[in-house]
Amino acid sequence: MASISGPPVVRQASPTADPASVPAATQPVVPRRTAPRTRRWSALLWVAPAFGMYAVFVLFPMAQSVQYSFYDWDGIGPATPAGLDNWKAIFTRPELLHSVEHAFILVIFYTVLPVGLGLVAASLIRELRPGAFSTTARVVLFIPQVLPLVAAGIAWTWMYSSDGLVNQVLRAVGLEQHTRAWLSDFTFALPAVGVIGVWVMLGFCTVLLLAGIGKIDPALYEAARLDGAGRISEFFAVTLPGLRRELVVCTTFTMIAALASFDVIQISTQGGPGYQTMVPGVEIYRLTFLQQHVGQASALAVFLAALVLVVIWPIQRLGREK
Amino acid sequence: MRSLTQYRGIVRVAAIAAAAALLLAACAPGGNSEAGPAPTRQASTGVGSEPVTLRLLVNSGVDVPFYTALGELFHAKYDNVTVKVENQDYATLTTNIAHILAGSNVPDLVRVSQLGNLIEDHLLTGLDPYAKAYGWDQWPQSQFASTRVGPDGKQRGTGSLYAAGAGFGLTGVYYNKALAQRIGMTRPPATVAEFEQLLAKAKDAGLQPIMINGKDGGSVYPLQNLVMSSAGDAQAVQDWNYAKPGASIDNAATVKAATSLQRWGQAGYLPADVNDIDQTRAPAEFVKGNGVFFPSGNWQAPALDKAGAGQFGFFLFPSGETGGPSYAMTAPANLGIPAKSPHADVAAAFLDFVQTNSQARQDTVTLGGLVPAGPSEAAAPTAPEGSAVAATVGSFQELLKSNGLVGFMADATASIHVNSLIPQTQLLLAGKTTPEAFAAKVQSDYERDLGQ
């Protein structure tokens with residue numbers, strides 16, 4: 001045994017084995033052994049208060065949710081073990097599965113479009129000279145982030161109604177035959193809700209990307225231009241690579257918003273018409289507060305959280321590379 | 001300086017240990033609720049002479065001035081009792097009621113929109129002893145059916161009484177008198193067939209035959225009425241509402257009703273954007289003259305009278321055949337006495353007072369927009385001749401005697417309305433489901449909700 005792997009002390013003493021411990025290798029043997037240990041425990045002591053809060057307010061409720069998902073419980077009375085029934089239901093009840101499907105369609109509207117349009121808007125605003133116009137453009141794009149989503153949802157519901165602004169505009173430009181009650185149209189309800197998401201997320205993405213562009217070394221742009229790069233190639237050669245971190249933040253944030261969306265749907269369509277705009281967030285709310293099926297709601301919530309993690313993880317990896 | 005990641009192993013072990021410890025400490029969730037029947041109280045009819053503050057928790061909005069007025073009337077009669085009205089908005093109260101009643105700061109009377117698991121969890125006081133002491137058991141009993149709950153805590157319409165209310169909601173069909181005259185309607189239709197003829201006439205006259213809110217469930221009212229009139233009987237629906245074992249609406253009557261409603265949609269009797277119209281827009285459109293008929297409830301009547309006194313009439317949904325029974329959906333504005341209420345006797349006295357005192361009954365109509373029930377010999381409150389309110393009050397008294405009051409299918413389970421009836425009716429009206437599939441799906445959702 002010892003002849004194969006060698007005692008750990010010997011390995012650590014070798015400077016090449018662990019570059020981090022190079023200074024320690026020059027120290028006498030005894031202090032080197034005890035110092036990290038005391039530091040180790042004092043480090044944990046420093047972490048303890050934060051970890052305590054984290055455990056009480058995050059880890060404990062999370063563990064509870066997982067636990068509830070294996071019970072049949074109404075939130076008040078006695079709970080009965082339900083085995084895997086709540087989990088099976090997620091995959092066997094078409095409404096629950098469809099709601100997850102809708103959440104992914106919303107990703108197009110909450111993530112793909114805002115990040116794409118945000119890149120375009122940020123590049124355009126960068127070229128504007130700082131002044132009244134560029135400030136106004138920024139403010140206008142960012143305003144949806146400031147407004148409460150519930151208020152925005154109600155306003156959008158009015159705009160989408162049969163005689164709302166959207167249809168008035170269509171009539172005014174002679175597209176009478178395309179007018180419809182958008183939020184109760186079986187084909188267009190989900191995209192219509194999605195557009196609200198684009199409107200909300202676009203400002204956030206633009207402002208964040210604009211801040212990112214501001215940090216890119218101007219010399220790079222100058223060099224690109226000297227090399228004869230046009231606007232398009234400048235965008236792909238300088239702007240896009242320089243925004244890697246910001247893009248990861250934007251994508252992560254908006255994807256979570258899409259997959260866990262609740263307020264806009266609850267206000268504008270309540271999942272209708274039919275089940276056309278039902279999303280997991282609304283399902284979880286109904287299961288918990290309306291039907292008092294805390295177990296089933298927990299299972300769907302844990303499933304949703306896991307799903308979010310699975311989707312977000314590769315994006316985070318992408319951001320960390322290099 | 002070493003980073004924490006080097007202690008990842010230790011941290012991980014600590015986290016897992018902490019999580020496991022927390023899990024073990026938690027054990028099974030809930031579970032301290034004892035099995036067996038709810039503790040029964042000694043019922044006493046007096047309010048005593050000690051000063052008492054009776055706390056009422058009701059919904060925000062119309063409820064507040066209404067119950068405040070009732071409280072003042074009660075205080076005028078029993079000056080040692082002060083009624084304090086607190087309110088929470090409907091959605092908040094509905095979602096929090098179980099936790100409020102299980103907590104330590106419990107009101108003496110609470111507005112109960114849905115009984116849910118409140119009985120199973122022993123959160124409401126059984127009212128049978130009070131019903132006996134105050135003689136409620138001598139009144140027409142159909143008014144109490146929806147708040148009787150069986151020993152299993154689920155089946156309604158039988159068992160002990162758990163809530164009672166000052167007044168009732170009632171559905172029917174409003175009509176615009178001027179437009180109805182234009183299509184030659186001289187009296188309310190006696191049968192569904194007659195009603196359909198009127199709808200066709202309205203369509204031919206270029207009018208919108210029916211105004212209704214399909215976005216949030218208004219179209220479920222005519223559907224339920226059609227189910228009952230095509231069956232010629234409301235027992236099956238009532239059993240279904242009350243979760244009677246084996247109850248089913250996956251039958252010929254429902255398929256026929258769904259077929260009719262779908263046909264109404266295709267024939268243009270319903271607004272083209274029916275699924276987009278909500279309960280605020282529908283009455284507003286109806287008042288503007290967009291719609292000859294408006295199937296809805298008596299809660300709309302005071303506003304309709306205000307918008308145009310004497311312009312709007314009300315009739316009960318017609319029966320399937322000439323001389324057949326009429327039915328209407330009804331639900332009481334229930335108040336329950338929390339099991340932890342310190343003044344249950346006074347609360348029960350208040351419940352008796354609001355159902356029997358003539359001024360309170362009048363306030364129920366004028367302030368609450370509801371029809372009082374109570375003893376059969378009690379005088380009906382007055383309303384101006386020819387008003388929509390007067391018509392709803394008259395219809396209610398008639399149905400109370402003929403046993404034509406039926407609960408809302410929407411109340412059968414906590415989520416049947418939002419999760420099944422509304423989306424399925426929308427699919428039906430959009431032609432995206434068949435009447436047969438409609439009946440089967442609503443029934444299977446219902447069975448799942450009840451855990452059958």
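The values are calculated or read from the model by the stated rules, or taken from the named source; none is laboratory data. What you see is a predicted model, and the numbers here were worked out from it, not measured in a lab. Don't worry about glycine lacking a Cβ; one is built from the backbone with ideal geometry, like all the others, and counts go over all protein chains shown.
Report yes if B:Thr434 is surrounded by fewer than 21 Cβ atoms within 10 Å (Cβ to Cβ), among the polar types (S, T, N, Q) and either within 14 Å of chain A (Cβ to nearest Cβ) or touching a His at 6+ places or on another chain (Cβ under 6 Å) (or both), otherwise no.
Here the answer is yes, as B:Thr434 does meet what is asked.
Among the residues of the stretch B:109-134 satisfying the criterion of being out of contact with any helix residue (DSSP H, G or I) (no Cβ under 9 Å at 6 or more places or on another chain) and part of a loop (DSSP other than H, G, I, E, B), which is modelled with the highest pLDDT?
My answer is B:Gly126.
With the requirement that a residue be among the polar types (S, T, N, Q) and either out of contact with any Ser or Thr (no Cβ under 8 Å at 6 or more places or on another chain) or without any contact (Cβ under 8 Å) to a residue 40 or more places away in the chain (or both), what does the stretch A:218-270 give you?
Result: A:Ser233, A:Thr252, A:Ser261, A:Gln266, A:Gln270.
Is the stretch B:302-318 home to any residue that is in a helix (DSSP H, G or I) and aromatic (Phe, Trp, Tyr)?
Checked against the condition, which is being in a helix (DSSP H, G or I) and aromatic (Phe, Trp, Tyr), the stretch B:302-318 yields no hits at all.
Determine whether the stretch A:298-310 contains at least one residue that is within 25 Å of B:Lys441 (Cβ to Cβ) and assigned to a loop (DSSP other than H, G, I, E, B).
So far as the stretch A:298-310 goes, no, none of its residues is within 25 Å of B:Lys441 (Cβ to Cβ) and assigned to a loop (DSSP other than H, G, I, E, B).
Give the residue that is surrounded by the fewest Cβ atoms within 10 Å (Cβ to Cβ), with candidates limited to residues of the stretch B:209-233 that are out of contact with any Leu (no Cβ under 9 Å at 6 or more places or on another chain) and of a type outside the set (S, T, N, Q).
B:Gly232
Please indicate, with yes or no, whether at least one residue in the stretch B:86-101 is in a loop (DSSP other than H, G, I, E, B), within 19 Å of B:Gly167 (Cα to Cα) and free of Cβ contacts under 8 Å to residues at least 40 places away in the same chain.
No, that holds for no residue.
Enumerate the helices (runs of 4 or more DSSP H) found wholly within the stretch A:143-260, keeping only those where 3 or more residues are within 14 Å of chain B (Cβ to nearest Cβ) and surrounded by 15 or more Cβ atoms within 10 Å (Cβ to Cβ).
Helices (runs of 4 or more DSSP H) meeting the threshold: A:149-160, A:189-215.
Using the structure shown, decide if A:Leu96 is in contact with a Gly (Cβ under 7 Å, 6 or more places away or on another chain) and aliphatic (A, V, I, L, M).
no
Here is a list: B:Ser260, B:Ser229. Which entry is assigned to a helix (DSSP H, G or I), in contact (Cβ under 8 Å) with a residue 24 or more places away in the chain and more than 22 Å from the chain's Cα centre (by Cα)?
Exactly one of B:Ser260, B:Ser229 is assigned to a helix (DSSP H, G or I), in contact (Cβ under 8 Å) with a residue 24 or more places away in the chain and more than 22 Å from the chain's Cα centre (by Cα), namely B:Ser260.
Going through B:Ala391, B:Ala373, B:Ala360, B:Ala347 one at a time, which residue ends up being surrounded by 21 or more Cβ atoms within 10 Å (Cβ to Cβ), in contact (Cβ under 8 Å) with a residue 12 or more places away in the chain and under 17 Å from B:Gln138 (Cβ atoms)?
B:Ala373
Identify the single condition in (1) more than 30 Å from A:Val294 (Cβ to Cβ); (2) touching an Asp or Glu at 6+ places or on another chain (Cβ under 8 Å); (3) in a helix (DSSP H, G or I) that B:Pro384 does not satisfy, given that it satisfies every other one.
With (1) more than 30 Å from A:Val294 (Cβ to Cβ); (2) touching an Asp or Glu at 6+ places or on another chain (Cβ under 8 Å); (3) in a helix (DSSP H, G or I) applied to B:Pro384, the lone miss is (3).
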